[in-house]
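Just so it is clear, none of the values below were taken in a lab; they were calculated from the coordinates. None of these values were measured; they are calculated from a predicted model. In this analysis, Cβ positions are derived from the backbone assuming ideal geometry, glycine residues included, and neighbour counts consider all displayed protein chains.
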Ligand SMILES: [Zn+2]
């Protein structure tokens with residue numbers, strides 16, 4: 001099943017109508033995601049409910065789900081990072097409102113009563129991506145642990161040898177004296 005999402009919406013009208021939009025979006029169309037992604041493949045599924053908070057503020061609630069191909073910064077292999085993120089964003093008409101609400105809420109500044117849905121979804125997606133992408137259990141970590149153990153052992157050995165380079169020599173003198 002594939003549902004196309006509208007390109008732009010009037011969120012306030014959707015709030016009035018208490019609409020829920022569901023659909024999917026190809027990652028190919030999200031240029032900022034493409035800058036981070038290791039491949040062009042992948043899709044996100046969204047469900048966005050246009051409603052009001054208890055205090056009557058227009059808000060979008062829902063979910064963004066999918067997987068984004070990223071390059072593991074440890075082993076440089078590509079892997080699918082799964083995203084399953086809850087959305088709850090208060091819609092604002094002015095920056096003044098934003099200042100008041102931003103501390104306690106995620107907000108979105110709506111200009112000309114319009115949201116480009118793609119931008120909105122891409123922002124949500126970007127927020128849920130890791131700062132540094134890496135496998136949850138990267139094979140290289142195992143390898144690195146083994147290597148760093150070897151290095152430690154090697155360092156210890158060298159330390160022993162460096163600590164008293166004349167130790168062996170001294171021993172030799174001693175045996176001469178006796
Ligand atoms: Zn990795």
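Of the candidates 13, 74, 100, which one comes out as most mobile in a Gaussian network treatment of the chain with C-alpha springs shorter than 10 Å?
100
Taking only DSSP H segments of four or more residues, each worth -39500 (n - 2.57), what value at 222 nm results for the chain once the sum is divided by all its residues, to the nearest 500 deg cm²/dmol?
Values: 6 runs with 67 residues, N = 178.
So the helix-based figure for the chain works out to -11500 deg cm²/dmol.
Report, in degrees rounded to the nearest 10, the 0 to 90 angle that the Cα long axis of helix 117-128 makes with the longest principal axis of the chain.
Long axis of 117-128 versus the principal axis of the chain: about 30 degrees.
Roughly how tilted is helix 139-163, in degrees to the nearest 10 and between 0 and 90, from the longest Cα axis of the chain?
Relative to the chain, helix 139-163 is tipped by roughly 30 degrees.
First measure r as the distance between the Cβ atoms of residue 57 and residue 77, then evaluate 1/(1 + (r/R0)^6) with R0 = 35 Å and state the FRET efficiency to the nearest 0.05.
Computed FRET efficiency for residue 57 and residue 77 comes out at 0.20.
Output the Kirkwood hydrodynamic radius of segment 8-128, Cα pairs only, in Å rounded to one decimal. Intermediate results must be reported in sequence, preceding the final value.
On the way: mean 1/r = 0.0656 Å⁻¹.
Computed over Cα pairs of segment 8-128, the Kirkwood hydrodynamic radius comes out at 15.3 Å.
Using only Cα atoms, tell me the angle between helix 167-177 and the longest principal axis of the chain; keep it within 0 to 90° and round to the nearest 10.
10 degrees
Please arrange 53, 107 by how many other C-beta atoms lie within 10 Å of their C-beta, fewest to most.
Working: 53 12, 107 20.
With the sparsest Cβ surroundings first, the list reads 53, 107.
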